[in-house]
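Engineer: Before I ask anything, here is the structure I am working with.
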Amino acid sequence: MEDKILNLIKEYKRIIIARHIGGDPDALGSTFALKEIILENFPDKEVYVAGTSISRFKFFGTHDKITDEMYENALLIALDIPDIKRLDGVDYYKFKDRVKIDHHPEIDKYSDLEIIDIDASSTCELIAKWCYHCNLKMPLHAAQNIFMGIVADTNRFLFGANKKETYEIVLDLIEKENVKPNELYEILYKRSMSEVRLEGFISLNMKVSKNGLGYVKITDKDLKDYGVDSASVGSIMNNYNFIHGLICWVVFTEDVKNNVIRTSARSRGVKINKLFEQYNGGGHVYACGAKLNSFSEADEIIDKLDELCKEYKEG
């Protein structure tokens, strides 16, 4: 499959790379790394990265605006996204040929050319494996993006890095591509004091049910009081992974600009992805997100998650 994808890339002059809405380091790292890898090895091609810019992750790269004219004779490569409806910045149905590379459980079938490995640590890992399999050159910045994507999606290798292939890729990035982990950790994990204080607010206000569900609602006023935006919660979620008595935790954040309630959830055993797919969201089995219409939908999710936690505790 790796060679077939490479051959299809060789056929197309114009390639558009897309990822899921609300890009995280794995989605952003993989898309911008793939763009740089293609251009390094095929400099005559046009390669664009679609999606909305995310200011706190601008070090990954600069997004491109996709116009209607750019769809003509263009190849879509969708990364780190299992479902068509959550593609950011492109219209899936306007492309003749499509490729998907992902490590989420499959929801939508994109094409016959897919690399899906739910045991991989990240989509960044899959991009690196594809690049090395095809004997392609990897620019330094692409290698740095891949490293940061792997680190972020495994929460610094605390989870999701269960295969030796993950560590072999990381070793190659360090030894072959001259990646400096310490420098990239500083870039990836540097936070403002406002975000640190927001984490304190979440900790103080999180309610925990007798079944082990933690939940908190953050209003627009709360965000303004702390001087942060609705996207700031994403970098905080994994910090609750090792709290005794907490099986699942979810944060609902009001996003007035987009008129949605951003929802982010994590679990230490309860399978939650199917529930969030019912709310136009999804993700990993134990890490999901969605955009809700109101806090009343949040209450529905709280009740359903609490029931899942109860069932889990009862075995």
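The values are calculated or read from the model by the stated rules, or taken from the named source; none is laboratory data. Every value quoted in this text rests on a predicted model; they were computed, and no experiment measured them. With ideal geometry, Cβ positions are generated from the backbone for all residues, glycine too; neighbour counts draw on all protein chains shown.
Engineer: Could you say whether any residue in segment 254-264 is surrounded by fewer than 13 Cβ atoms within 10 Å (Cβ to Cβ) and touching a helix residue (DSSP H, G or I) at 6+ places or on another chain (Cβ under 7 Å)?
Structural biologist: Yes, segment 254-264 contains at least one residue that is surrounded by fewer than 13 Cβ atoms within 10 Å (Cβ to Cβ) and touching a helix residue (DSSP H, G or I) at 6+ places or on another chain (Cβ under 7 Å).
Engineer: Provide a single number: the residues in segment 36-92 that are within 21 Å of Asp24 (Cβ to Cβ) and in a helix (DSSP H, G or I).
Structural biologist: Of the residues in segment 36-92, 12 are within 21 Å of Asp24 (Cβ to Cβ) and in a helix (DSSP H, G or I).
Engineer: Taking helices (runs of 4 or more DSSP H) that fall entirely within segment 127-214, which contain at least 3 residues that are at pLDDT 95 or above and either in contact with a Cys (Cβ under 8 Å, 6 or more places away or on another chain) or of a type in the set (Phe, Trp, Tyr) (or both)? Step through it out loud before you land on a result.
Structural biologist: Values: elements: 140-153, 164-175, 181-189, 193-205.
Answer list for segment 127-214: 140-153.
Engineer: Scan segment 285-315 for residues that are buried (at least 20 other Cβ atoms within 10 Å of the Cβ) and closer than 20 Å to Asn155 by Cβ and report the count.
Structural biologist: Result for segment 285-315: 3.
Engineer: Write out, first by first residue and then by second, each pair whose Cβ atoms fall under 7 Å of each other, whose residues are 6+ apart or on separate chains, and whose first residue, in segment 265-289, is over 13 Å from Pro105 (Cα atoms) and among the β-branched types (Val, Ile, Thr) while the second is assigned to a helix (DSSP H, G or I) and at pLDDT 90 or above.
Structural biologist: Once the first residue is over 13 Å from Pro105 (Cα atoms) and among the β-branched types (Val, Ile, Thr) and sits in segment 265-289, its partners that are assigned to a helix (DSSP H, G or I) and at pLDDT 90 or above give Val270/Leu308; Val270/Cys309; Val270/Tyr312.
Engineer: If you don't mind, there's one more thing I want to ask. Is there any pair with a first residue in segment 244-262 that is touching a residue at least 60 places away in the same chain (Cβ under 8 Å) and a second that is of a type in the set (Asp, Glu) and outside any loop (DSSP other than H, G, I, E, B) whose Cβ atoms are under 9 Å apart and which are 6 or more apart or on different chains, and what are they?
Structural biologist: Filtered contacts from segment 244-262: Cys248/Asp306; Arg262/Glu254; Arg262/Asp255.
Engineer: Among the residues of segment 19-47, count how many are surrounded by 19 or more Cβ atoms within 10 Å (Cβ to Cβ) and either outside the structural domain of Trp130 (by TED's automatic domain parsing) or more than 21 Å from Val151 (Cα to Cα) (or both).
Structural biologist: 2
Engineer: Which one of these is without any contact (Cβ under 8 Å) to a residue 60 or more places away in the chain and under 30 Å from Arg191 (Cβ atoms): Thr67, Thr31?
Structural biologist: Details: Thr67 fails: under 30 Å from Arg191 (Cβ atoms).
Answer to the selection: Thr31.
Engineer: Any residue in segment 162-186 that's free of Cβ contacts under 8 Å to residues at least 60 places away in the same chain: show its pairings with residues that are in a loop (DSSP other than H, G, I, E, B) and not β-branched (Val, Ile, Thr) at Cβ separation under 7 Å, as long as the two are six or more apart or on different chains.
Structural biologist: Filtered contacts from segment 162-186: Lys163/Asp119; Thr166/Ser121; Glu177/Met138.
Engineer: Taking segment 265-282 only, how many residues are assigned to a helix (DSSP H, G or I) and touching a Gly at 6+ places or on another chain (Cβ under 8 Å)?
Structural biologist: Taking segment 265-282 and keeping what is assigned to a helix (DSSP H, G or I), we get 273-277.
Imposing the further condition that a residue be touching a Gly at 6+ places or on another chain (Cβ under 8 Å) reduces the set to 273, 276.
Result for segment 265-282: 2.
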